[in-house]
Structure formats: structure tokens, C-alpha cells
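Participant: Quick one: structure below, then a few questions.
The values are calculated or read from the model by the stated rules, or taken from the named source; none is laboratory data. On a predicted model such as this, the values are computed, not experimentally measured, just so you know. Positions of Cβ are backbone-derived with ideal geometry, glycine not excepted, and every protein chain shown enters the neighbour counts.
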Amino acid sequence: MNNVLIVTGGAGFIGSCFVRRWLTHNKSPLVNLDKLTYAGNLKSLTSVANHPLYTFVQGDIGDFQFVRNLLAEHQPWAVINFAAESNVDRSIDQPADFLETNVVGAFRLLETVHDYWKVLSDSSKNDFRFVQISTDEVYGSLPPQGRFCESSRYQPNSPYSASKAAGDHFVRSYYRTFGLPTIITHCSNNYGAYQFPEKLIPLMILNALQARPLPVYGDGKHVRDWLYVEDHCQALECILDHGSVGESYNIGGDCEVANVDLVEMICDLVDQLCPRLPHSPCRSLINHVLDRPGHDRRYSVDASKIRHLGWQPKMDLATGLQHTVKWYVNNEAWWEDVAKGKYQFERLGSLRQKNGLDQTFPLPGSSRRDK
């Protein structure tokens, strides 16, 4: 077993952040296995593409032989599974894709990793880690008070969270049944640079820049705990170093805010950073739309368990949002390239699209000139 780390889904939002951080702060090799679906973007990894310790491999976590060969070639000491379909709205429209990747794919990856692990030496077996990146959404919805802890019951309410819950159960079972050294992490809502624009924060930023409607579901009072992606990836490094096998860890930012308040914060930042936009103030673009089916009211996680390992979030929401908005303002080429794909900034997951009844929010048609 070598000192190689294998990351799956490392061209996605959180995965690419982890890859960039790892190659900047660590001196061990990293192999990035990514299928490059619509949300995978190698341009998010341009800064490390030529790093001497970095290897990119395009492939599917569900391909037994491909992954088996990859493990045999690189002999990793750990595998971190970021690979997932992750958008709740998209899961409402295309639940089968989430079953295939988040359940079947996770199972096949586990099975292949287990085959690799069980023939290692005893010392290498003890040192090995398989880390499953999951979500707080598996716990369901919270009332106005209380927080999810690691022992909270799973009550997923969307095809996305159900698929992640199923994957988590397989991971736990491979630890309990076969002894595979696994760890599961449950993060709250991530944000930051390089996030695919179907997610709330980048979509609101880009629509605000282009004078497009800012769709807020229902009354906008749904509450999320926001976690800066760099803080999340630092937490994962901490878990690799100090986490206990067979355990799960909640990772949260302690930044709860209602969706409509978050959108208003984004609007104000866009107005500040781009004072010559002809359609300002951007709050005038906020448009309350039909709520998402099964929309969880509130998420909040108790991250005290991982804090005992020495980690805590460093970025407050106001500062993190400012960094994020500024990044999108200054990186138009990145998001314009993303917009050349199939996703056209439309609303997903309304259950009304097939009848042609849903509101859409089309791709901005021209480059923004006001910097």
C-alpha cells in the first residue's frame, strides 16, 4: 500500500476544492477519478492540472473492473467518495439517475474497495480508510428548534436524500459486516467558488448580474445551515487524520439563515460590487414561486463531535458570501463555459415541466459588461 489518496468525483464542486487544497498543503499523491457528468468540470482544476503529484482518470465508480485496475495500480491508503448526483430539484425530475449513482454506484465502489482491502497486510488494513461524503438531508426536516446529531434517525424526504441515505446504509453495513474501515460525513449546505449554477447561491448571483428573476420557493422562510466549502474540505482532512473508523461526523457552518434573507444578502453584495448595473437594486428581481414538492423546512447540524477532533469553521457567512459573489463577478469565463452545456438555468423539480406549466429562468443571453 502506497501513500496515494484516491478521490472519486474530484471534478465536482466539493471534490475539486478538496483536490486543490490537498495538492497545495500536502506532499502525497492524489488520483482523481471522475466520470465528468454535466456537473464535473476540469476547468475547476486548472490550477493543479500539471501538479507532479496529481493524476486525473476519467471513469465510473460503478465499473467494477475499471476501479479494480485503478486500485491495483495505485495501491491507495484511502478512498474518499465525493461522486454523487446531488441536486434535490433534479432528483424530482430524474430519480433513476440518483438511484444509479448514489446507491448502485456507491455499492459497486464499496464492493471493489472491499476486495482490494481484504488482501492487504494486517497493518495496511488497519491504516486504510474509506470516507463516504453524505449530507444532512438524510435526517429529514427540523422544527424551529433543535439540531441533527449523528444519532438522529434517518428520515429522507426527497429522492436525492433517500439515495444518499441508502448509500450510507451500505457503507455502514460494510464496516459492521466485513470490517472495512469506513467513515461517513454529513455536511450542511456548501457554498463557494466553482459551484455549478443549478444550486441556490450561484444561481441567484448569476441571475442578479443579468437582470433575471430570482426564484424563491414558497414563502422563502426555509432555513439552511451554510458551510463554506474550504471549511468543509479542511474538516475532511481532519477526519482523515483523526477520525475513528465506523463513526459518522456532522460538519456544519453554524450559519443558519432563511432562504429569502440569503437571497437579499446576495442582492446587496451584487449591488455593491457592480454599482453600475442598470437594473439595481437587485432585490427588485426577487420572485416568489411555487414551492418545491416535499421541501424540508429547516436543517441544522450539531458539529460538536468533529470539533472535539480540533476542527471548527473559520468563515462566517457574510465574509464567505462576499468572497463567493466576488469570485463569480470576476470569473465570467468559467460560468459562461458551464452554461454551454445542457443546463440552461431553468427551474427544475416542479413536477409541472412535462405539462409546459412551469416558470423558467433562461440562460443569460449576453455577456455582462459592467464589472
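Participant: Taking the options S91, S86, S47, name whichever one is closer than 27 Å to A162 by Cβ and part of a helix (DSSP H, G or I). Spell out how you get there, then give the answer.
Facilitator: Numbers: S86 fails: part of a helix (DSSP H, G or I); S47 fails: closer than 27 Å to A162 by Cβ.
Result of the check over S91, S86, S47: S91.
Participant: Is there a residue being at pLDDT 95 or above and closer than 28 Å to K27 by Cβ anywhere in the stretch 85-107?
Facilitator: Checked the stretch 85-107: no residue is at pLDDT 95 or above and closer than 28 Å to K27 by Cβ.
Here's the yes/no breakdown for (1) touching a helix residue (DSSP H, G or I) at 6+ places or on another chain (Cβ under 6 Å); (2) assigned to a helix (DSSP H, G or I); (3) among the polar types (S, T, N, Q):
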| position | (1), (2), (3) |
| --- | --- |
| F130 | yes, no, no |
| S134 | yes, no, yes |
| N157 | no, no, yes |
| S161 | yes, yes, yes |
| G167 | yes, yes, no |
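Participant: Considering only residues of the stretch 294-341 that are charged (D, E, K, R) and without any contact (Cβ under 8 Å) to a residue 40 or more places away in the chain, which is farthest from I266 (Cα to Cα)? Full working, then the answer.
Facilitator: Let us first name the residues in the stretch 294-341 that are charged (D, E, K, R), namely 296-298, 302, 305, 307, 314, 316, 326, 332, 336-337, 340.
After this cut, where a residue has to be without any contact (Cβ under 8 Å) to a residue 40 or more places away in the chain as well, the list is 307, 332, 336, 340.
Working: R307: 29, E332: 17, E336: 20, K340: 24 Å.
Across the stretch 294-341, the extreme among qualifying residues is R307.
Participant: Is it the case, given these coordinates, that V79 is more than 14 Å from the chain's Cα centre (by Cα), modelled with pLDDT of 95 or more and either at positive phi or not in a helix (DSSP H, G or I) (or both)?
Facilitator: yes
Participant: Output the residue which, of all residues in the stretch 273-294 that are touching a strand residue (DSSP E or B) at 6+ places or on another chain (Cβ under 6 Å) and in a loop (DSSP other than H, G, I, E, B), is surrounded by the fewest Cβ atoms within 10 Å (Cβ to Cβ). Walk me through it before giving the result.
Facilitator: To start, the set of residues in the stretch 273-294 that are touching a strand residue (DSSP E or B) at 6+ places or on another chain (Cβ under 6 Å) comprises 285-289, 291-292.
Narrowing further to those that are in a loop (DSSP other than H, G, I, E, B): 291-292.
Details: D291: 14, R292: 19.
Out of the qualifying residues, it is D291.
Participant: Could you grab me the full set of residues in the stretch 13-42 that are under 19 Å from V229 (Cα atoms) and surrounded by fewer than 19 Cβ atoms within 10 Å (Cβ to Cβ)?
Facilitator: Within the stretch 13-42, R21, T24, H25, N26, L42 meet the criteria.
Participant: Among (1) closer than 17 Å to F82 by Cα; (2) surrounded by fewer than 21 Cβ atoms within 10 Å (Cβ to Cβ), which single condition is Y217 missing?
Facilitator: Failing condition for Y217: (1).
Participant: Follow-up question, since we're still on this one. Of everything in the stretch 201-214, what is touching a helix residue (DSSP H, G or I) at 6+ places or on another chain (Cβ under 8 Å) and buried (at least 21 other Cβ atoms within 10 Å of the Cβ)? Give them in sequence order.
Facilitator: Taking the stretch 201-214 first, the residues touching a helix residue (DSSP H, G or I) at 6+ places or on another chain (Cβ under 8 Å) are 201-202, 204-209, 211-214.
Correct list: I201, P202, M204, I205, L206, N207, A208, L209, L214.
Participant: Now for a different question. With a cut-off of at least 3 residues that are touching a strand residue (DSSP E or B) at 6+ places or on another chain (Cβ under 9 Å) and more than 24 Å from V270 (Cα to Cα), name the strands (runs of 3 or more DSSP E) lying wholly within the stretch 169-238. Give the steps one after another, and end with the answer.
Facilitator: Numbers: elements: 182-187, 189-191, 214-217, 223-228.
Strands (runs of 3 or more DSSP E) meeting the threshold: 182-187.
Participant: Select from the stretch 131-157 the residues that are hydrophobic (A, V, I, L, M, F, W, C) and either buried (at least 24 other Cβ atoms within 10 Å of the Cβ) or under 16 Å from I306 (Cα atoms) (or both) and list them in ascending order.
Facilitator: First, pick out the residues of the stretch 131-157 that are hydrophobic (A, V, I, L, M, F, W, C): 131, 133, 138, 142, 148-149.
Hits for the stretch 131-157 are V131, I133, V138, F148, C149.
Participant: Return yes when L120 is modelled with pLDDT of 95 or more, under 25 Å from V19 (Cβ atoms) and crowded, with 20+ Cβ neighbours inside 10 Å and no when it is not. Steps first, answer last, please.
Facilitator: Numbers: modelled with pLDDT of 95 or more: yes; under 25 Å from V19 (Cβ atoms): yes; crowded, with 20+ Cβ neighbours inside 10 Å: no.
Spelling it out, it is not the case that L120 is modelled with pLDDT of 95 or more, under 25 Å from V19 (Cβ atoms) and crowded, with 20+ Cβ neighbours inside 10 Å.
Participant: Please determine whether any residue of the stretch 46-66 is farther than 30 Å from P293 by Cβ, in contact (Cβ under 8 Å) with a residue 60 or more places away in the chain and polar (S, T, N, Q).
Facilitator: no
Participant: Within the stretch 3-21, how many residues turn out to be among the polar types (S, T, N, Q), under 22 Å from D63 (Cβ atoms) and outside any helix (DSSP H, G or I)?
Facilitator: Filtering the stretch 3-21 down to residues among the polar types (S, T, N, Q) leaves 3, 8, 16.
Filter once more, so that each one left must be under 22 Å from D63 (Cβ atoms): 8, 16.
In the following step, the residues that additionally are outside any helix (DSSP H, G or I) were identified as 8.
Total meeting the criteria: 1.
Participant: Condition test on Y174, is it more than 21 Å from the chain's Cα centre (by Cα), closer than 20 Å to F82 by Cβ and surrounded by 20 or more Cβ atoms within 10 Å (Cβ to Cβ)?
Facilitator: Values: more than 21 Å from the chain's Cα centre (by Cα): yes; closer than 20 Å to F82 by Cβ: yes; surrounded by 20 or more Cβ atoms within 10 Å (Cβ to Cβ): yes.
Spelling it out, Y174 is indeed more than 21 Å from the chain's Cα centre (by Cα), closer than 20 Å to F82 by Cβ and surrounded by 20 or more Cβ atoms within 10 Å (Cβ to Cβ).
Participant: Tally up the residues in the stretch 67-89 that are farther than 19 Å from T37 by Cα, in contact (Cβ under 8 Å) with a residue 12 or more places away in the chain and not aliphatic (A, V, I, L, M), please. Show your work before the answer.
Facilitator: Step one: filter the stretch 67-89 for residues farther than 19 Å from T37 by Cα, giving 68-79.
Remaining after also requiring in contact (Cβ under 8 Å) with a residue 12 or more places away in the chain: 68, 70-72, 74-79.
Of the ones still in play, those that are also not aliphatic (A, V, I, L, M) are 68, 74-77.
Counting residues in the stretch 67-89 that are farther than 19 Å from T37 by Cα, in contact (Cβ under 8 Å) with a residue 12 or more places away in the chain and not aliphatic (A, V, I, L, M) gives 5.
Participant: Cβ contacts < 7 Å: first residue in the same structural domain as R212 (by TED's automatic domain parsing), restricted to the stretch 261-273; second residue of a type in the set (S, T, Y), any location; separation 6+ or different chain. Result?
Facilitator: Listed pairs, sorted by first residue: D271/S280.
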